[in-house]
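This structure is in structure tokens; I'll ask about it shortly.
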Amino acid sequence: MRITRIDHCLVRVPFRETIQWGSGARIGTTRLICKITTACGHEGWGETLCLIDAVPAVFEKVVARIAIGYPVSNVEGIYRHVLGAGYYHHKRAAVMAIAALEMAMWDAFGKICGQPLSQLWGGVWRNRIEAAAYTFTRDPAALTERLTRFLDAGYQTFKVKIGFDAASDIALAETARRAIGDHALRLDVNGAWTPGRAKRQLRHLAQFDPAYVEQPLEMDDLIGTAALCASQPVPIALDESAYTLQDVGNIVRMRAADFVLLDPHQAGGLWQVIKAAAICEAAGISVGLHSGAELALSQAAYIHLAASIPNMSLAIDTERLYLGGDIAPDTPPLSDGKFTVPGMPGLGVTPDPHLIDRYKVSAIEGAYLDSARPDWFPVKPAY
């Protein structure tokens, strides 16, 4: 079961439209795709979110070199080996690179065992995985149209990006509540608020009964989010603050969130997410999954996680309907706002090399900033 070869490349799948958010404009999703081959000829595929140039550099220069010779079952070992190579000082610079290789190890291990990953992680707890409709616009008319379209498609949970400015926060929340009725409404601030602004905005937003407000403060301010949790009625969810296992442990110890959104790419792998979810479960905290526009491999991994983790009861974020393509023809189907759990061994999807070649790129573009505003850049907190 030892790894003898690792191949990798960058791909970028364009979005059907440019996505606007508080940190800029996104034109597509750039992902690092890797394939491992074992001594006995088994293959495993992995994928990770690729937002900054550190990801492919760490993968190529550290992760891929260390992993040769590792048995595919030793996912804990590869994670700690990379940290031990100096990245315990810089976990956030390494986690996304580790995640691609770790996912490929799980995929190969599942194929060797002849089992879907959800079966290896304790069995299928839920057979259908609810997805949250995701919107990216500061235009109330466009927001109404998109939410209506998602509602007609069967979605029950809706996530709206706010954090553009104080006035639009309220206007977008009011528009969303009017469009979706009593369905669950999530509002994502992306760390744009100061603590003082957060108090005022949450007081105004409470009338729209949000299921939670996500990442209201800058990601390091756990003292601030703990104070918000304790002092007002709107539930608080953390995402950017909850990358690593240690981040999640600190959130739970400080009672700094009512909900936690996890991400295997930001945690350093699928196993790290399972451990983080268990920490939250022990504290009675429900968890979900953050979306960075997953392609087929990561989407399948998300579904296996949500299928097998009991307290992953929140509808998982997804940007699937914004994608202009994919790297596999057998991406898990999404209908009536729910995913079906793959039943084949491993991840249960098979990338197509021709599709990978179609979307292959050599650089990361369009993750942050905004080409239409060359002198603009985001500041956290912004207002």
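Charges only on Cβ, +1 for Lys and Arg, -1 for Asp and Glu: so what's the dipole of the chain about the Cα centre, in debye to the nearest 20? Walk me through the numbers on the way to the answer.
Numbers: 36 positive and 40 negative charges, 78 e Å.
In total the dipole reaches around 380 debye.
Cut-off under 20 Å on the C-alpha distance; same-chain residues fewer than 8 positions from K199 excluded. Which lysines are left, in chain and number order?
Result set, ordered by chain and number: K161, K380.
Calculate the length of the line joining the C-alpha centroid of the stretch 104-175 to that of the stretch 252-329, in whole Å.
One Cα centre to the other: 10 Å.
Here's something else I'd like to know. Please sort by residue number the trypsin sites (Lys or Arg not before Pro) in the stretch 192-295 whose DSSP state is loop and whose Cβ has at most 16 other Cβ atoms within 10 Å. Spell out each step's value before the answer.
Details: sites: R197, K199, R200, R203, R253, R255, K275; in loops: R255.
For trypsin sites (Lys or Arg not before Pro) across the stretch 192-295 that sit outside H, G, I, E and B with at most 16 neighbouring Cβ atoms in 10 Å, the list reads R255.
Please report the antiparallel percentage of DSSP beta bridges with both residues in the stretch 118-348, rounded to the nearest 5.
Working: 5 of 26 bridges.
Expressed as a percentage, antiparallel bridges in the stretch 118-348 total about 20.
How far apart, in nm, are the 7 Å Cα→Cβ label points at E145 and R16?
The modelled label-to-label distance comes out at 1.3 nm.
Give the cross-link partners of K360 among the aspartates and glutamates, using a straight C-alpha distance below 17 Å as the criterion and excluding same-chain residues fewer than 8 apart.
D7, E47, D53, E60, E294, D326, D352
By what distance, in whole Å, do the Cα atoms of the chain stretch along each of the three principal axes, largest value first?
60, 45, 41
With charges only on Cβ, +1 for K and R and -1 for D and E, what is the dipole size of the stretch 210-354 about its Cα centre, in debye, rounded to 20? Before the final figure, lay out the partial values.
Details: 5 positive and 17 negative charges, 93 e Å.
So the dipole magnitude of the stretch 210-354 works out to roughly 440 debye.
Let me ask another. Full-extension gain between W376 and S362, please, as 0.36 nm times their residue separation minus the C-alpha to C-alpha distance. Present the calculation step by step, with values, prior to reporting the outcome.
Numbers: separation 14, 0.36 × 14 = 5.04 nm, distance 2.55 nm.
Result for the pair: 2.5 nm of gain on full extension.
Every number in this text was worked out from the coordinates using simple rules, so none of it is lab data. Just so we're clear, the structure is a prediction, and the values are computed from it rather than from any experiment. Ideal geometry is used to build each Cβ from the backbone, glycine not excepted, and the neighbour counts take in all protein chains shown.
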